[in-house]
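Taking it in order: structure first as structure tokens, then the write-up.
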Amino acid sequence: QVQLEESGGGLVQAGGSLRLSCAASGSIFGCNPMGWHRQTPGSQRELVAAFTSGGNTNYADSVKGRFTISRDNAKNMVYLQMNSLKPEDTAVYYCQCVGLLRNYWGQGTQVTVSS
């Protein structure tokens, strides 16, 4: 059983930066993949960045070069460093762990980028 809690969202101007954190109550070692998704009203949840098998990373084309995912297995934490933010990055950001038997999601954190 894994419980996830996101933090670090907020309001930022375009061009600014935010760092999102995802704290897991259990071990994230078995999460595969593990990463960040985002969702805007009326849209489907989309992948932003994730660690895949073998320690590889996968990024949405729209965030490549601006966002960086990282993790600290010892602390059961996953991070998303977001730089050069754009208004179109405005969304609720969710942390996801794909476990052996089920997916786990956090409650989400709102990111709002003003122009």
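The values are calculated or read from the model by the stated rules, or taken from the named source; none is laboratory data. The shown structure was predicted, so the numbers you read here are calculated from the model rather than taken from an experiment. Quick reminder, even Gly has a Cβ in these numbers, built from the backbone with ideal geometry, and neighbours come from all protein chains shown. Accessible surface is based on the protein model in full, side chains and every heavy atom, while ligands, DNA and RNA are left aside. Shrake-Rupley method; radii C 1.70, N 1.55, O 1.52, S 1.80 Å.
Structure summary
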{"read-out": "Failed criterion for Y59 (all others in (1) farther than 19 Å from G26 by Cα; (2) surrounded by fewer than 18 Cβ atoms within 10 Å (Cβ to Cβ) hold)", "value": "(2)"}
{"read-out": "Qualifying residue in segment 62-72 (condition: surrounded by 13 or more Cβ atoms within 10 Å (Cβ to Cβ) and either touching a Pro at 6+ places or on another chain (Cβ under 8 Å) or at pLDDT below 95 (or both))", "value": "yes"}
{"read-out": "Residue tally, condition touching a residue at least 24 places away in the same chain (Cβ under 8 Å) and assigned to a loop (DSSP other than H, G, I, E, B), over segment 39-74", "value": "5"}
{"read-out": "Some residue of segment 8-20 being touching a helix residue (DSSP H, G or I) at 6+ places or on another chain (Cβ under 8 Å), of a type outside the set (V, I, T), assigned to a strand (DSSP E or B) and modelled with pLDDT of 95 or more", "value": "no"}
{"read-out": "Selected residue (criterion: nearest to the chain's Cα centre (by Cα)) from residues of segment 21-34 that are polar (S, T, N, Q) and outside any strand (DSSP E or B)", "value": "N32"}
{"read-out": "Single residue of segment 75-108 satisfying the filter (open to solvent by less than 30 Å² (accessible area, probe 1.4 Å) and assigned to a loop (DSSP other than H, G, I, E, B)) that is farthest from C22 (Cα to Cα)", "value": "L85"}
{"read-out": "Residues within segment 12-41 that are surrounded by fewer than 16 Cβ atoms within 10 Å (Cβ to Cβ) and among the β-branched types (V, I, T), tallied", "value": "1"}
{"read-out": "Residue under evaluation H37, criteria (1) under 10 Å from the mean Cα position of the chain (by Cα); (2) more than 20 Å from Q3 (Cα to Cα); (3) not polar (S, T, N, Q), criterion not met", "value": "(2)"}
{"read-out": "Of all residues making up segment 40-71, the number that are under 14 Å from the mean Cα position of the chain (by Cα) and either over 21 Å from G16 (Cβ atoms) or of a type in the set (K, R) (or both)", "value": "11"}
